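Only one structure is covered here, and it is reproduced in the block below.
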Amino acid sequence: MASLSLRLTLLAISGTVLGLALIGVIIAGLLRDFIVETFEANMEATLVSLMANTEFVEDTQQVRINAAVADSRYDQPLSGWYWQISEGGDQLIRSGSLWQGTLNTSVGEDLANGLRRSFAMGPQAQELRILSRSFTGPGSTVPLEIAIAMPESEINTRLNTITTPLIVSIGLLAVVLALVTLVQVRYGLAPLRRLTTNLRAIKDGTATTLPADPTEEIAPIVGEMNALLDANRKTIERARTHVGNLAHGLKTPLSVLATESYDPTLPPTKQKVFSELSERMDRLVSHHLRRARSAATLGLAGARTPVKDALSDLEPVFAGIYADKRLRLKFSVAPDLAFGGERQDFEELLGNLIDNACKWAVAHVTVSARRTDAGFLEITVCDDGPGMSEEQAESALVWGKRFDEGRPGAGLGLAIVADLAALYGGTLTLLPHGEAPMTGACAVLRLPAAS
């Protein structure tokens, strides 16, 4: 499942890291340019100083430097800091650090002020940065070339001493910005999480409307959702009213028909037929009216029926109806189990199953319930009666199917349960001999569980 919070966080952190990396590269480049310019400026100053102190001795026809270079690195052997003066490619004079070597300035690029930059390998295979230029010494008309060199590694060393703290600082800044982003995203999406919690409360039945939200962007959504919930409730109430009116209109004629079936002028066989038909019609009408009401309220937010409370109300009813059989009703239900639907539907479902078990039971009826990993309630109703075969278990859910005409009933109870359970997305399964945990029959009812 895609997470909006994770998506925003990753996008913000990725952008921050890329931006900081780009800034780091730019700063490192600027620092390198600054360091190179600083070193080359110092080299050029030394080069100018050497040119100013160069003189031509007429007696010996030689070039000499009449003042020493202040930087001692030019006197340290093979230090990487060198200078030389040459004429026509022949070295005339060099720094003490250059020892017996020479500087190669044949390939390079021209700079301002007559300077030329080149790179070459020096003594001990050092990579050198060389600045050179042509000049004419005092007292001489012969063109000379002066070159000054420094080790390229010096620039990298100086750059590393600066870039290492820079990388650490940018890394710390990235961490701080990432944490700020996490806090920002979490705080910014807090109204959505609050809205989710409030919607879950409505679904669980602990609230009927969404509380007002102070957030400017969320407040209109809350208002529209509350209006939708209110319209939904009004629609359900109108459907219930129409169903009630229809029930009232049908119940009265059926009551008259049931009363007329006891007319003493009718033969007893016809009285029995009319009585059974009116009872069956009454039960079918009641079921389909209730099914229509259930279809209208199916999925209604907040529908929740505690299982234990509903069973506690049903227990005395069946204990009274079957008092002559002295049945022992045993309920095993956790107090936190709840059905995600209407209480009247749940009572009809369990009422039909318990009533059927009590009809066939000898002494015991057990009812147990548990919550499955798939989010369903699994309610099992068992009796210690004669049970049923596999063929009977399959045909028992057929409308009007009866196995014993001598027992009361219209053969509709189990079919009604299966029909209503299917409406909620559940199932009813009858366990025959060999599969039931008790000696009689067992009915396993699966219904959606409330949160």
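The values are calculated or read from the model by the stated rules, or taken from the named source; none is laboratory data. Keep in mind that this is a model prediction, so the values were computed, not measured. Here Cβ is always computed from backbone atoms with ideal geometry, including for glycine, and neighbour counts include all displayed protein chains. These area figures cover heavy atoms from the full protein model, side chains too; ligands, DNA and RNA do not enter into them. Shrake-Rupley method; radii C 1.70, N 1.55, O 1.52, S 1.80 Å.
Observations on the structure shown:
- Taken as a whole, the structure leaves THR197 outside the set of residues that are buried (at least 17 other Cβ atoms within 10 Å of the Cβ) and modelled with pLDDT of 85 or more.
- Cβ-Cβ under 6 Å pairs, at least 6 apart or on other chains, the range 1-27 side within 16 Å of GLY171 (Cβ to Cβ) and touching a residue at least 12 places away in the same chain (Cβ under 8 Å), far side among the aliphatic types (A, V, I, L, M) and open to solvent by 50 Å² or more (accessible area, probe 1.4 Å): THR16/LEU177
- Verdict on LEU115 being within 60 Å of the chain's Cα centre (by Cα) and open to solvent by less than 60 Å² (accessible area, probe 1.4 Å): no
- Scanning the range 122-152 for residues that are farther than 12 Å from ILE85 by Cβ and free of Cβ contacts under 8 Å to residues at least 12 places away in the same chain returns ALA125, THR141.
- Filter pass, ALA120 being on the phi < 0 side of the Ramachandran plot and not in a strand (DSSP E or B): no
- Scanning the range 328-375 for residues that are in a loop (DSSP other than H, G, I, E, B) and under 40 Å from the mean Cα position of the chain (by Cα) yields a count of 12.
- Residue within the range 294-304 that is of a type outside the set (A, V, I, L, M, F, W, C), touching a strand residue (DSSP E or B) at 6+ places or on another chain (Cβ under 9 Å), at pLDDT below 90 and more than 16 Å from ALA421 (Cβ to Cβ) present: yes
- Tally of residues being exposed (fewer than 15 other Cβ atoms within 10 Å of the Cβ) and either polar (S, T, N, Q) or under 16 Å from LEU111 (Cβ atoms) (or both) across the range 54-66: 4
- Residue in the range 333-353 that is open to solvent by 20 Å² or more (accessible area, probe 1.4 Å) and of a type in the set (Phe, Trp, Tyr) present: no
- Pair list, Cβ under 8 Å, 6 or more apart: the range 167-186 residue more than 19 Å from LEU22 (Cβ to Cβ), other residue surrounded by 13 or more Cβ atoms within 10 Å (Cβ to Cβ): LEU182/THR9; GLN184/ALA12; VAL185/SER5; VAL185/LEU8; VAL185/THR9; VAL185/ALA12; ARG186/SER5
- Considering the range 140-169, and only residues there that are open to solvent by 60 Å² or more (accessible area, probe 1.4 Å) and more than 26 Å from VAL25 (Cα to Cα), the residue that is farthest from the chain's Cα centre (by Cα) turns out to be THR141.
- Among residues that are exposed (fewer than 12 other Cβ atoms within 10 Å of the Cβ) and outside any loop (DSSP other than H, G, I, E, B), ARG32 is not included.
- Looking at LEU98, LEU50, LEU92, LEU4, just one residue is within 30 Å of ARG186 (Cβ to Cβ) and not charged (D, E, K, R), and that residue is LEU4.
- In this entry, GLU378 is excluded by the filter for residues that are open to solvent by 20 Å² or more (accessible area, probe 1.4 Å), part of a helix (DSSP H, G or I) and in contact with a Lys or Arg (Cβ under 7 Å, 6 or more places away or on another chain).
- Candidates VAL69, VAL107: the one that is modelled with pLDDT under 85 and open to solvent by 70 Å² or more (accessible area, probe 1.4 Å) is VAL107.
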